[in-house]
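Derivation of every value follows stated rules applied to the coordinates shown; laboratory data play no part. Treat the numbers as computed from the prediction; the structure is a model and nothing was measured. Positions of Cβ are backbone-derived with ideal geometry, glycine not excepted, and every protein chain shown enters the neighbour counts.
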Amino acid sequence: MEDPLRIEFNEWAKAGRGESMERGHRPVGEQAIEKMGVQLDAQVLDVGCGSGWAARLLANKARSGRVVGIDISDEMIRVAREASIAFPNLEYRVASAEDLPFENDEFTDAFSMESLYYYADMSRAITQIHRVLKPGGLFVTVVDLYLENEPSHQWIETLKVPVHLLSIPQYSALFVDAGFGEIRTERILDPSPVPEDYIGTSFKSREDYLAYRAAGSLMVSGRKR
Ligand SMILES: C[S@@+](CC[C@H](N)C(=O)[O-])C[C@H]1O[C@@H](n2cnc3c(N)ncnc32)[C@H](O)[C@@H]1O
């Protein structure tokens, strides 16, 4: 049977949501990527890369290195490949985060934006990311749906796939259990203005959206010991 996540995110890709997620996620995602301090010769993995916007930002930093984006949705990967033709150091694979098709210790850095909480087995995926990182390698994830950001909880009933709602300490514990050290958590704010006439589809009201924006996105990072 085909993975329900692949079916759902293939629909998202066909509806142009890969590109709209770039607009929504990038103002926070690029701040997280700046904080990573990616080196010119870095080997970077983007887990759940969607349309590949973050992978392209990372490829601009690791210009003499290599960036690989993986996603369970073959349609997202198609969109990402089409938009990344100009990047010789960037490649994409259709793969599950819970079963990464890479050798141990292949990457210096891993990034994942708004993807982890969809995985059936988050703990397995974080352990896989730890496995493919070199010792000292950095994993940075950003999530917008988490316990301490209450307005984000309204997505749970509107999404067509199940998600995990974790607290900040629970995210840290998953990193610890996977073997990461130097774990840090931080909230990152989106600096873009909120329109007075906001009528987005992700929140019931502008007030909810403002509260969501004030809570910020959660960045969790850890280093392989
Ligand atoms: C909300 S989108 C975020 C995409 C992209 N990171 C961004 O910020 O625009 C979540 C992505 O995770 C992918 N995904 C979901 N489950 C996955 C899994 N088990 N393994 C790999 N990717 C997965 C989806 O296909 C989708 O592209």
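One table, with the values for the structure above:
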{"item": "Residue pairs, from the table K35/K134; K35/K160; K160/K204; K35/K224, whose Cα atoms sit over 26 Å apart", "result": "K35/K160"}
{"item": "Linear extension gain, I85 paired with N60, 0.36 nm per residue minus alpha-carbon span", "result": "7.7 nm"}
{"item": "Cα-based helix-to-principal-axis angle, 168-178 vs the chain, degrees rounded to 10", "result": "20"}
{"item": "Order of V194, V79 - criterion: other Cβ atoms within 10 Å of each residue's Cβ, fewest first", "result": "V194, V79"}
{"item": "Fewest-first sequence of L57, L189 by Cβ atoms within 10 Å of each Cβ", "result": "L189, L57"}
{"item": "Percentage relative contact order, segment 4-224, counting C-alpha pairs under 8 Å, at least six apart", "result": "19"}
{"item": "Karplus (6.51, -1.76, 1.60) ³J(HN,Hα), θ = phi - 60°, over segment 63-73, in Hz, Gly and Pro reported as x", "result": "5, 9, x, 8, 10, 10, x, 10, 7, 6, 8"}
{"item": "Prolate/oblate/rounded label for segment 2-48 (Cα gyration tensor, a/c 1.5)", "result": "oblate"}
{"item": "Under 5 Å, built H, 5+ apart or other chain: amide partners of A110", "result": "L45, L138, F139, V140"}
{"item": "Helix-only mean residue ellipticity at 222 nm for the chain, each DSSP H run of n ≥ 4 adding -39500 (n - 2.57), per residue, nearest 500", "result": "-11500 deg cm²/dmol"}
{"item": "DSSP loop GluC sites (Glu not before Pro) with at most 14 other Cβ within 10 Å: longest gap in the chain", "result": "3-102"}
{"item": "³J(HN,Hα), Karplus 6.51/-1.76/1.60, whole Hz, each residue of segment 136-145, x for Gly, Pro", "result": "x, x, 9, 10, 10, 10, 10, 10, 9, 9"}
{"item": "Spin-label proximity, H153 to segment 165-207 - amide N less than 13 Å from point 7 Å beyond Cα toward beta carbon", "result": "165-167"}
{"item": "Along each principal axis, Cα extent of segment 4-224, largest first, Å", "result": "46, 37, 33"}
